[in-house]
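Colleague: Structure incoming, see below.
The values are calculated or read from the model by the stated rules, or taken from the named source; none is laboratory data. These figures come from a predicted structure and were not determined experimentally. Here Cβ is always computed from backbone atoms with ideal geometry, including for glycine, and neighbour counts include all displayed protein chains. All accessible areas refer to the heavy atoms of the entire protein, side chains included, with ligands and DNA or RNA removed. Shrake-Rupley method; radii C 1.70, N 1.55, O 1.52, S 1.80 Å.
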Amino acid sequence: MNSILQCLSHSALVREYFLSKRYKADLSSTSKMQGRLAEEFASLLSDMWAGRHDTVSPNKFKSAVAKSAPRFVGYSQQDSQEFLRFFMEGLHEDLNKGKKGKRKIEEPPKGLTDTQLAEHRWSGYTSYDNSTIVDIFVGLLKSTLTCSVCDHKSVTFDPFWDLSLPLPRSKSSGLNLQSCFAEFTQEEILDGDEKPTCENCKKRQKMHQTVFHRKISADISLTSEAFLGSTLQNKAVH
């Protein structure tokens, strides 16, 4: 929890939004947490950046978290990414100005360009999920499937809150975010049990898949995955 709070407090967009109290105008009356999570986070940020203390205890904030998510009760070690995802979604719910009720997904009109298709998908998503948290952290991934038989291309766009990036298989390019993104966007062949159904052939076919981040978020949560022996290590990068 401490590492995540430190990261978020050093995000200028997040910090300024809460310290300026602009978040108060966005508090949702229908949130399950009734705005408590956002209020306690704003109070914690205020204490952290007031300059009055060398250290700050997040006890009230932790209590607000525990009321919403009992798995975070106590002081045992928790997974940072699990807490980050819970906290981001909780803040978003407290500040969501989007439509309420059952989500309706509208099929896009035929003949749209990729740019128009991305705008249609993003507009549909933000009509229900509309908060400053989404503005800062959520991006849009473009996935292209190409049929190996008829060359038909199918393009989809999906929002993402965080990305899990593989480490480069080749060490020649060095280990940095650029090389991790390059590995993430490498073309992948979907065959065997993974074969998708081609919209044109109307049957399951071998496909080539490419992924690209169409809309990158202002602040992005990344996780790299590395196997050391039989242990999976997760490292959060902000």
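Colleague: Being in contact with a Pro (Cβ under 8 Å, 6 or more places away or on another chain) and open to solvent by 60 Å² or more (accessible area, probe 1.4 Å) is the filter here, so list the residues in the range 161-185 that pass it.
Modeller: Hit for the range 161-185 is Leu175, nothing else.
Colleague: Conditions: (1) among the hydroxyl-bearing types (Ser, Thr, Tyr); (2) modelled with pLDDT under 85; (3) closer than 27 Å to Gln81 by Cα. Ser172 meets all but one. Number of the miss?
Modeller: Every condition holds for Ser172 apart from (3).
Colleague: Of all residues in the range 1-51, which are over 21 Å from Glu82 (Cα atoms) and of a type in the set (S, T, N, Q)?
Modeller: Matches in the range 1-51: Ser20, Ser28, Ser29, Thr30, Gln34, Ser43, Ser46.
Colleague: Of the numbered conditions (1) modelled with pLDDT of 95 or more; (2) of a type in the set (Lys, Arg); (3) over 30 Å from Glu106 (Cβ atoms), Arg204 satisfies every one except a single condition; which is it?
Modeller: Of the numbered conditions (1) modelled with pLDDT of 95 or more; (2) of a type in the set (Lys, Arg); (3) over 30 Å from Glu106 (Cβ atoms), the odd one out for Arg204 is (3).
Colleague: Return the only residue of Ala12, Ala66 being without any contact (Cβ under 8 Å) to a residue 40 or more places away in the chain and either closer than 20 Å to Gly139 by Cα or touching a His at 6+ places or on another chain (Cβ under 8 Å) (or both). Don't jump to the end; show me each part of the working.
Modeller: Details: Ala66 fails: either closer than 20 Å to Gly139 by Cα or touching a His at 6+ places or on another chain (Cβ under 8 Å) (or both).
Going through Ala12, Ala66 in turn, just one is without any contact (Cβ under 8 Å) to a residue 40 or more places away in the chain and either closer than 20 Å to Gly139 by Cα or touching a His at 6+ places or on another chain (Cβ under 8 Å) (or both): Ala12.
Colleague: Based on this model, can you work out whether Lys97 counts as part of a loop (DSSP other than H, G, I, E, B) and open to solvent by 90 Å² or more (accessible area, probe 1.4 Å)?
Modeller: Values: part of a loop (DSSP other than H, G, I, E, B): yes; open to solvent by 90 Å² or more (accessible area, probe 1.4 Å): yes.
In short, yes.
Colleague: Out of the residues in the range 186-200 meeting the condition of being open to solvent by less than 40 Å² (accessible area, probe 1.4 Å) and part of a loop (DSSP other than H, G, I, E, B), tell me which one is nearest to Leu141 (Cα to Cα).
Modeller: Once the filter is applied, the top-ranked residue is Pro196.
Colleague: Among the candidates Ser148, Ser179, Ser123, Ser170, which residue alone is under 30 Å from Gly98 (Cβ atoms) and among the small types (Gly, Ala, Ser)? Step through it out loud before you land on a result.
Modeller: Details: Ser148 fails: under 30 Å from Gly98 (Cβ atoms); Ser179 fails: under 30 Å from Gly98 (Cβ atoms); Ser170 fails: under 30 Å from Gly98 (Cβ atoms).
When all the criteria are applied, what remains is Ser123.
Colleague: A further question follows. Can you pull out every residue in the range 133-160 that is open to solvent by 30 Å² or more (accessible area, probe 1.4 Å) and assigned to a helix (DSSP H, G or I)?
Modeller: Result: Asp135, single match.
Colleague: Looking only at the range 90-134, which residues are in contact (Cβ under 8 Å) with a residue 60 or more places away in the chain and touching a Ser or Thr at 6+ places or on another chain (Cβ under 8 Å)?
Modeller: Correct list: Glu93, Asp94, Leu95, Asn96, Lys97, Lys100.
Colleague: Of these, Ala66, Ala118, which one is out of contact with any Asp or Glu (no Cβ under 9 Å at 6 or more places or on another chain) and modelled with pLDDT of 90 or more?
Modeller: Details: Ala66 fails: modelled with pLDDT of 90 or more.
After applying the criteria, what remains is Ala118.
Colleague: Residue check: is Leu112 open to solvent by 20 Å² or more (accessible area, probe 1.4 Å), modelled with pLDDT of 95 or more and more than 19 Å from the chain's Cα centre (by Cα)? Steps first, please.
Modeller: Numbers: open to solvent by 20 Å² or more (accessible area, probe 1.4 Å): yes; modelled with pLDDT of 95 or more: no; more than 19 Å from the chain's Cα centre (by Cα): yes.
It is false that Leu112 is open to solvent by 20 Å² or more (accessible area, probe 1.4 Å), modelled with pLDDT of 95 or more and more than 19 Å from the chain's Cα centre (by Cα).
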